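A short worksheet on the structure shown next.
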Amino acid sequence: MHVHVVTIFPEFFASPLGVGIVKRARDGGLLRVSLVDLREYTSDRHRSTDDYPYGGGCGMVMKPEPIVTALDAIAAGAPRARRILLSPRGAVLDHALVEALAREEDLVMVCGRYEGIDERVRSFVDDEISIGDYVLSGGEIAAMALIDAVTRLIPGALGNVASALSESFASGTLEYPQYTRPAMFRGLAVPSVLLSGDHAAIGRWREREAQRITQRVRPDLLKKPAERTPGAPAESPSGLGGRRDTTVEPPPAGSH
Ligand code: SAM
């Protein structure tokens, strides 16, 4: 998989891309990440990526030209790439969406900053994805969360295939409780079945515990998709339904 991240802070990614499973996937050729510095696609002396909002208001808005020029440049090498805009307005990321993204060969992730991005950029992306109902200062953390979650599902990225299958959400439930040594810690014992060596009994216990925990803390996960929270988009995860060709009336000149 090749991920192209469009950002004004490429340096942000150095540390998280350089450790653990993501690093191993990159070293092993399973994952390639290209950091696309948005400032390289500006056309003015100051390399500005933002401007004042039309209609007034606080903060700055990311300009459409550098972002769309960067997307065009990426498309020249990866025409079928799925383009994602990280945004609090997007579909909230979940396991099903991570699975779908993990099947792509090329992903483009556009990271916003400031007060957000010029609305017209939405016409040039396929999906809009949020990592939760809160506001981050920029899309970089969201993009990194996406890269990390997707990488775990690339075949061969996890040392043990079984661990991806047994993890929370993969099987429709949260994971069963995990223990390691010592068998007794500050008066808290490891459940005896885990010390029994009876793998069938351990399997049944884990399944029961996964169900019990999910029922207690996330009963919504046990419902069929159709019974979950209403408002699930029908056409695409983001509800955008792919890139749109929209014509937007230009605002009157000088009306910031
Ligand atoms: N003014 C915007 C609003 O109220 O929705 C928030 C802009 S936020 C400060 C700047 C950028 O951070 C966004 O353009 C987006 O790329 C990213 N961002 C913030 N929260 C996010 C979230 N929950 N999920 C994904 N990206 C997020």
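The values are calculated or read from the model by the stated rules, or taken from the named source; none is laboratory data. Note that this is a predicted model, so its numbers are computed, not measured. Positions of Cβ are generated from backbone atoms using ideal geometry, with glycine treated the same way; all protein chains shown enter the neighbour counts.
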Checklist entry - Looking at (1) near the ligand (Cβ under 10 Å from one of its atoms); (2) closer than 30 Å to LYS23 by Cα; (3) touching a strand residue (DSSP E or B) at 6+ places or on another chain (Cβ under 6 Å), which is the only condition MET62 fails? => result (2)
Checklist outcome for this item: Of the conditions (1) under 30 Å from PRO64 (Cβ atoms); (2) part of a loop (DSSP other than H, G, I, E, B); (3) touching a Gly at 6+ places or on another chain (Cβ under 9 Å); (4) not aromatic (Phe, Trp, Tyr), the single one that ILE129 does not satisfy is (2)
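Hey, can you tell me all the residues within segment 163-201 that are of a type in the set (Ser, Thr, Tyr), in contact with an Asp or Glu (Cβ under 8 Å, 6 or more places away or on another chain) and at pLDDT 95 or above?
Taking segment 163-201 first, the residues of a type in the set (Ser, Thr, Tyr) are 163, 166, 168, 171, 173, 176, 179-180, 192, 196.
Applying the additional criterion that residues be in contact with an Asp or Glu (Cβ under 8 Å, 6 or more places away or on another chain) yields 166, 168, 176.
The one that is of a type in the set (Ser, Thr, Tyr), in contact with an Asp or Glu (Cβ under 8 Å, 6 or more places away or on another chain) and at pLDDT 95 or above: TYR176.
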Checklist entry - If you go through segment 152-168, how many residues are of a type in the set (A, V, I, L, M) and in contact (Cβ under 8 Å) with a residue 12 or more places away in the chain? => result 5
Checklist entry - Taking segment 127-152, which residues are farther than 14 Å from GLY112 by Cα and hydrophobic (A, V, I, L, M, F, W, C)? => result ALA145, LEU146, ILE147, ALA149, VAL150
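Pull up segment 105-126, narrow it to residues that are within 10 Å of the ligand (Cβ to nearest atom) and assigned to a strand (DSSP E or B), then point me to the one that is farthest from ILE147 (Cα to Cα). Steps first, please.
The initial filter retains those residues of segment 105-126 that are within 10 Å of the ligand (Cβ to nearest atom), namely 109-117, 121.
Okay, now just the ones that are also assigned to a strand (DSSP E or B), so 109-110, 117.
Values: MET109: 9, VAL110: 12, ILE117: 21 Å.
That would be ILE117.
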Checklist entry - Exactly one of (1) part of a helix (DSSP H, G or I); (2) more than 11 Å from the ligand (Cβ to nearest atom); (3) surrounded by fewer than 20 Cβ atoms within 10 Å (Cβ to Cβ) is unmet by ILE141. Its number? => result (2)
Checklist entry - Which members of segment 65-93 meet the condition of being more than 16 Å from the ligand (Cβ to nearest atom) and hydroxyl-bearing (Ser, Thr, Tyr)? => result THR69
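Polar (S, T, N, Q) and either assigned by TED's automatic domain parsing to the domain that holds THR173 or more than 16 Å from the ligand (Cβ to nearest atom) (or both): is that true of SER15 in this structure?
On the way: polar (S, T, N, Q): yes; either assigned by TED's automatic domain parsing to the domain that holds THR173 or more than 16 Å from the ligand (Cβ to nearest atom) (or both): yes.
Taking the combined requirement at face value, the residue satisfies it.
Which residues, taken from segment 169-185, are in contact (Cβ under 8 Å) with a residue 24 or more places away in the chain and touching a Leu at 6+ places or on another chain (Cβ under 8 Å)?
So in segment 169-185, the residues in contact (Cβ under 8 Å) with a residue 24 or more places away in the chain come out as 169-177.
Across segment 169-185, the qualifying residues are PHE169, SER171, GLY172, THR173, LEU174.
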